[in-house]
1. In region 180-224, which residues are touching a helix residue (DSSP H, G or I) at 6+ places or on another chain (Cβ under 9 Å), under 19 Å from residue 44 (Cα atoms) and without any contact (Cβ under 8 Å) to a residue 60 or more places away in the chain?
2. Kindly provide the set of residues from region 108-133 that are at pLDDT 75 or above and either in contact with a strand residue (DSSP E or B) (Cβ under 8 Å, 6 or more places away or on another chain) or buried (at least 21 other Cβ atoms within 10 Å of the Cβ) (or both), ordered by number.
3. Out of 140, 86, 82, report the one residue that is at pLDDT 80 or above, within 20 Å of residue 280 (Cα to Cα), surrounded by 15 or more Cβ atoms within 10 Å (Cβ to Cβ) and in contact with a helix residue (DSSP H, G or I) (Cβ under 9 Å, 6 or more places away or on another chain).
4. Could you go through region 97-107 and let me know if any residue there is at pLDDT 85 or above and surrounded by fewer than 22 Cβ atoms within 10 Å (Cβ to Cβ).
């Protein structure tokens, strides 16, 4: 008797992909604290160059062990380069400069205006509908950002660092939507590796122009650990997890789900850096976590045999 095998339920696939979102929240959320520690001793351009370089080498070794191919079709190189410049290079640089000019707490959260831009761009560029879950998630996300941002604006404390944070979110959103609009025929690991590698020439030029040839000096133990966390777990592993999520979920849901990252970043900055969030910060954080829950909580579904 023949046995019919059907494709997995799309809701089950989405559920498995959504399970990666809390992992991403931990990897990238703790990275905000790691980067803040690194910047006390390592200049921003040098940090990004060294981080990209080590992440590229580590990921290449992992891919060789797994037998992953590095091939990307020639027709897909344009989107690969552009997405890399937006989502990887521009985002990382602007977020680093943001932390030099503002607290980690507010930089982390304002960078995550990304879901707002992503949902709006996905609606315009990809035609993704604003269903009930996405609308609720977007509204909660906006409410959280207003709770965080309004006291700063009202007090006239809006700094260039916070502008950098907003710009980093916009660049990240544009790159994510562009990747959905022009899919790349390669695995998430391959896309991650190439984009980290392509970020190196840009950041090397910036480092040489702005900071010159780096002078290697002994670093504190905490800075060394923070740097390797940033390079391997956040850059190599976290970026691969993000592209896997983006491949398996609609842009709007993936983006709003990633709002768990600033929640972890705020808690980490409070616990490890001694930053004390205000009542507005905590209210904004509550709204933002609720926004993630609104788009992720109903994803799990039963797979059909």
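1. 208, 209, 213
2. Listed by number, the residues that qualify are 114, 118, 119, 121, 122.
3. Details: 86 fails: within 20 Å of residue 280 (Cα to Cα); 82 fails: within 20 Å of residue 280 (Cα to Cα).
Result: 140 is the single residue among 140, 86, 82 that is at pLDDT 80 or above, within 20 Å of residue 280 (Cα to Cα), surrounded by 15 or more Cβ atoms within 10 Å (Cβ to Cβ) and in contact with a helix residue (DSSP H, G or I) (Cβ under 9 Å, 6 or more places away or on another chain).
4. Narrowing region 97-107 to residues at pLDDT 85 or above: none.
No, that holds for no residue.
For (1) closer than 13 Å to residue 137 by Cβ; (2) at pLDDT below 75; (3) touching a strand residue (DSSP E or B) at 6+ places or on another chain (Cβ under 7 Å), each residue gets a yes or a no:
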site: 241; (1), (2), (3): no, no, no
site: 249; (1), (2), (3): yes, no, no
site: 270; (1), (2), (3): no, yes, no
site: 276; (1), (2), (3): no, yes, no
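The values are calculated or read from the model by the stated rules, or taken from the named source; none is laboratory data. All of these numbers come straight from a predicted model, not from anything done at the bench. So basically every Cβ, Gly included, is an ideal-geometry build from the backbone, and we count neighbours across all protein chains shown.
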